[in-house]
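Report on the following structure.
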Amino acid sequence: MIITPQIKELLIDKMQMIKNPGKGEICLVGPIKLPVEQGDFSAIFQWYTWLELDDKIQTKEDVLESLATANLAFAQQSSVLVYGDFKQSEQALVRMHSICHTGDIFGSQRCDCGYQLHQSMKMITEHGSGALFYLADHEGRGIGLFSKSLAYILQQEGLDTVEANHALGFEDDTRSYEGAIRVLEALRDKPVVLITNNPKKLEALRERGLAADEHISLWGGLTDTNSFYLDTKIKKSGHIPQENTFAI
Ligand SMILES: Nc1nc2c(ncn2[C@@H]2O[C@H](COP(=O)(O)OP(=O)(O)OP(=O)(O)O)[C@@H](O)[C@H]2O)c(=O)[nH]1
């Protein structure tokens, strides 16, 4: 099957190649109108996805021609929901959300991820301008879903979330924000206000001049089943407690 010239023209118009020094380029696709209904709010976002390319894929035409054989369903692609005038607004809120299959999709109460995802989307729409990056290669702080299930078995035996990653031979946190940062740079020039409790996320954006001095904390969704996890994030992972954060 070949893609016709008319279809190619239509799609190429929605594609942008982003330089990613030291790596293959990033192909960003969008905006695509995405009406969202989320229980207590609804909004229309502009949705973008991106693909980190290998060196052999150089052009938008190459991307389209390689699609049918690329097996993309077997790899993870990240995306971003953009709200309001994200490019130009003076102050925009950004959430760099790490995928959590159990918390985001199933509503697991072992963690606060589902709460954070929902709440940050709501905060962005209430503020009027911002973006939610959904980072699909971050599962389990970088260890993947299968390994996270093994970590959960160890946590059921009493290890905390950091000890469980170490017991499996992993670093506690191997997440990279590089691809998302390149996409953020393509979508906006000015610094953003990050919604996070994680100092590593702040540092990753600040060292590129992309995050404002202040940030917004996102504690909440506390339950009996996630309180030990949240406590461990403060005690061992350096997450910033509520009282040390700035609120807009
Ligand atoms: N390995 C492991 N990963 C977990 C566990 N619970 C949640 N996660 C993953 O941790 C990531 C979220 O990390 P958190 O530490 O909760 O939060 P954060 O992203 O560092 O910081 P915030 O921006 O404040 O949310 C997601 O990728 C989840 O899949 C766990 O017990 N073990």
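Filtered by the rule that a residue be more than 16 Å from L222 (Cα to Cα), hydroxyl-bearing (S, T, Y) and within 12 Å of the chain's Cα centre (by Cα), the stretch 93-152 gives S98, Y134.
Take the residues of the stretch 183-197 that are more than 13 Å from the chain's Cα centre (by Cα) and not hydrophobic (A, V, I, L, M, F, W, C): which is nearest to M17 (Cα to Cα)?
Here is the first cut: in the stretch 183-197, the ones more than 13 Å from the chain's Cα centre (by Cα) are 185-193, 197.
Cutting the leftovers down to not hydrophobic (A, V, I, L, M, F, W, C) gives us 185, 188-191, 197.
Values: E185: 12, R188: 15, D189: 17, K190: 20, P191: 22, N197: 32 Å.
Per the stated criteria, the residue is E185.
The C-beta contact set for the stretch 47-68 (first residue part of a loop (DSSP other than H, G, I, E, B), second residue among the aliphatic types (A, V, I, L, M), distance under 8 angstrom, 6+ apart or interchain) comprises L53/I26; L53/V63; I57/V63; T59/M17. Of all the numbered requirements in (1) surrounded by fewer than 17 Cβ atoms within 10 Å (Cβ to Cβ); (2) away from the ligand (no atom under 11 Å from the Cβ), T174 misses one, and that requirement is (2). In summary, A167 fulfils each of the numbered conditions (1) more than 17 Å from the chain's Cα centre (by Cα); (2) surrounded by fewer than 16 Cβ atoms within 10 Å (Cβ to Cβ); (3) closer than 23 Å to Q77 by Cα with the single exception of condition (3).
The residue that is surrounded by the most Cβ atoms within 10 Å (Cβ to Cβ), counting only those in the stretch 117-131 that are in contact with a helix residue (DSSP H, G or I) (Cβ under 8 Å, 6 or more places away or on another chain) and touching a residue at least 60 places away in the same chain (Cβ under 8 Å), is G130.
Here is the figure for the stretch 80-102: residues that are surrounded by fewer than 21 Cβ atoms within 10 Å (Cβ to Cβ) and touching a helix residue (DSSP H, G or I) at 6+ places or on another chain (Cβ under 7 Å) total 3. Residues of the stretch 116-135 include at least one that is assigned to a helix (DSSP H, G or I), of a type in the set (A, V, I, L, M) and within 11 Å of the ligand (Cβ to nearest atom).
The number of residues in the stretch 118-152 being closer than 16 Å to A75 by Cα and charged (D, E, K, R) comes to 2. Here the stretch 87-107 is the region considered, the condition is being assigned to a loop (DSSP other than H, G, I, E, B) and either farther than 23 Å from G144 by Cβ or aromatic (F, W, Y) (or both), and the residue that is nearest to the ligand (Cβ to nearest atom) is F106.
Just one of the listed residues (R182, R110) is near the ligand (Cβ under 10 Å from one of its atoms), in contact (Cβ under 8 Å) with a residue 60 or more places away in the chain and not β-branched (V, I, T), and it is R110. If the condition is being touching a residue at least 60 places away in the same chain (Cβ under 8 Å) and among the aromatic types (F, W, Y), then the stretch 69-96 contributes only F86.
Values in this text are rule-based calculations from the coordinates and carry no lab data. From a predicted model like this one, the values you see are computed outputs, not experimental measurements. In this analysis, Cβ positions are derived from the backbone assuming ideal geometry, glycine residues included, and neighbour counts consider all displayed protein chains.
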